[in-house]
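Okay, so here's the structure we're looking at.
The values are calculated or read from the model by the stated rules, or taken from the named source; none is laboratory data. No experiment lies behind these values; they were computed from the predicted model shown. Because the Cβ atoms are built from the backbone with ideal geometry, glycine has one as well, and the counts that use them run over all protein chains shown. SASA here: full protein model, heavy atoms, side chains in, ligands and nucleic acids out. Shrake-Rupley method; radii C 1.70, N 1.55, O 1.52, S 1.80 Å.
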Amino acid sequence: MSLARHRVGVVGLLALGLALGGCGSADVKPKPVVPQGADPVAWVGSFCGGLGNVIAGESAIPKSPPNPQAQKDGLLKFADITQQAFSDTAHKLTQLGQPGITDGKQVQDTTVGFFTTAAATVGNQRAKLAALDAKDPNFVQKANSLAVPDLGTAGTQIQGLTSNKDLAPAFGKAPECLRLGATATH
């Protein structure tokens, strides 16, 4: 028997022994797949923080404006704050990356798309409002007609985030969401 044949035989026996040894361990359980991505609590915290900034911006609108120009100025300031909040939130979520949940990429794409679209929509509405003449007797009616349009499917999908089984627990833990919830109930 040549030395080369002997080595091939020994290597073959070792490989067969390792293969058979591996087959005998039936109670090896696969590790659960943990989605990669951003911490869901941090991710929903950025989401809620952005919405909180939009709500806080409402204070820029005078409750009982003394004149149409003051109302226009308040609406423009609110539009600026809102547009910036939407843009900042889209940017923060993009930096964080997708949440570490099942379908995290889809959730990320939908949410960032929503905030990006909302920022652009508010910017377009702001430009139309800025073009209005506050001295026009129909100013209030024209300004009211510039309500932010429906954001469609993306808006509906965003509403579904709170019922997402992987994100729902994070909404109850993120400080920004807890503050947002407290603001909404008062």
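Taking interchain pairs and intrachain pairs at least six residues apart, which have beta carbon atoms under 6 angstrom, with the first residue in the stretch 67-96 and more than 10 Å from G50 (Cα to Cα) and the second open to solvent by 50 Å² or more (accessible area, probe 1.4 Å) and part of a helix (DSSP H, G or I)?
Final answer for the pair search is A79/R126.
Given the structure, is T94 surrounded by fewer than 19 Cβ atoms within 10 Å (Cβ to Cβ), touching an Asp or Glu at 6+ places or on another chain (Cβ under 6 Å) and either in a helix (DSSP H, G or I) or among the polar types (S, T, N, Q) (or both)? I'd like the intermediate steps shown before the answer.
Details: surrounded by fewer than 19 Cβ atoms within 10 Å (Cβ to Cβ): yes; touching an Asp or Glu at 6+ places or on another chain (Cβ under 6 Å): no; either in a helix (DSSP H, G or I) or among the polar types (S, T, N, Q) (or both): yes.
Here the answer is no, as T94 does not meet what is asked.
Given P66, P62, which one is at pLDDT below 95, part of a loop (DSSP other than H, G, I, E, B), open to solvent by less than 50 Å² (accessible area, probe 1.4 Å) and farther than 26 Å from S163 by Cβ? Working first, answer last.
Details: P66 fails: open to solvent by less than 50 Å² (accessible area, probe 1.4 Å).
Being at pLDDT below 95, part of a loop (DSSP other than H, G, I, E, B), open to solvent by less than 50 Å² (accessible area, probe 1.4 Å) and farther than 26 Å from S163 by Cβ holds for just one of P66, P62, which is P62.
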